[in-house]
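The values are calculated or read from the model by the stated rules, or taken from the named source; none is laboratory data. Treat the numbers as computed from the prediction; the structure is a model and nothing was measured. Positions of Cβ are generated from backbone atoms using ideal geometry, with glycine treated the same way; all protein chains shown enter the neighbour counts. All accessible areas refer to the heavy atoms of the entire protein, side chains included, with ligands and DNA or RNA removed. Shrake-Rupley method; radii C 1.70, N 1.55, O 1.52, S 1.80 Å.
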Amino acid sequence: MHTIDSKEYEKSLYEKLLYDFPPPMFEVIQDLKVKGRYSRGTRQIDVAVCRSGECQPFLVAEAKCHQRTVEIRYIEAFITNLKDVGAKIGLMVSSSGFTAPGKRLAKSFGIDLRILSIEEALETKWYPIARQIFPWDWAFHPEMAAALSHINKGASPKCVIDAIEQIPFEEWDAFVIYALNNHSSEAKDFLEFVTLNHHLAFRINPPIRSIFHNPVLIVE
């Protein structure tokens with residue numbers, strides 16, 4: 001079973017939000033310290049999103065990598081934190097879900113709750129590599145990261161194809177070159193599979209969609 005510690009899980013949330021709120025319009029910051037408006041104490045934010053040129057985050061996010069469902073007390077603490085730092089949007093992600101009372105409380109206060117599985121979180125470790133492979137366009141880096149994760153784990157070529165079947169040719173080509181240089185055996189197996197199964201078409205123009213498939217709205 002794959003494992004991840006709390007800091008790595010927090011980093012995965014940072015990587016996810018970096019793709020929903022890319023530079024130069026936004027700045028995504030991990031482990032931000034902010035002085036509370038009411039408490040006057042230091043508030044720690046797992047991941048914050050600011051508009052470029054602004055120091056006040058409009059979105060604060062918290063990552064909970066728990067074995068059990070996240071209890072209501074964590075939602076309560078997050079709501080207090082959100083109000084004290086003056087952010088308009090609150091997002092909490094969990095690897096294990098949320099209790100029913102916690103969901104009801106979050107809904108009442110407009111807190112967005114999401115599930116980020118351990119498997120998804122581990123794939124984000126490959127996002128920086130995807131940025132190195134093809135820095136010109138970030139749109140399909142998540143798919144490239146998923147394919148890189150599959151290759152690194154020695155997954156079947158079909159899993160790799162499923163991950164990148166919708167990416168444009170330029171990204172596909174850059175991915176293959178990287179894979180041949182860094183994971184030659186797995187890359188050769190992948191290319192042989194593609195050759196033998198040439199009927200598997202790669203769609204070139206897929207619809208653009210959010211990392212979470214349900215983008216966080218920016219509230220003015």
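Things worth noting here:
- Identity of the residue in the stretch 116-152, open to solvent by less than 50 Å² (accessible area, probe 1.4 Å) and part of a loop (DSSP other than H, G, I, E, B), that ends up farthest from GLN67 (Cα to Cα): PHE134
- Flag not set for ARG203, criterion: under 30 Å from GLY90 (Cβ atoms) and either at pLDDT below 55 or in a helix (DSSP H, G or I) (or both).
- Answer from ARG73, ARG68 - the residue that is at pLDDT below 95 and open to solvent by 60 Å² or more (accessible area, probe 1.4 Å): ARG68
- Condition check for ALA155: part of a loop (DSSP other than H, G, I, E, B), out of contact with any helix residue (DSSP H, G or I) (no Cβ under 6 Å at 6 or more places or on another chain) and touching a residue at least 40 places away in the same chain (Cβ under 8 Å): no
- The stretch 47-99, residues that are basic (Lys, Arg) and either more than 28 Å from THR3 (Cβ to Cβ) or touching a strand residue (DSSP E or B) at 6+ places or on another chain (Cβ under 9 Å) (or both): ARG51, LYS64, LYS83, LYS88
- Selection from the stretch 55-81 of residues that are touching a residue at least 24 places away in the same chain (Cβ under 8 Å), under 13 Å from LEU32 (Cβ atoms) and not small (Gly, Ala, Ser): GLN56, PRO57, PHE58, LEU59, VAL60, GLU62, ASN81
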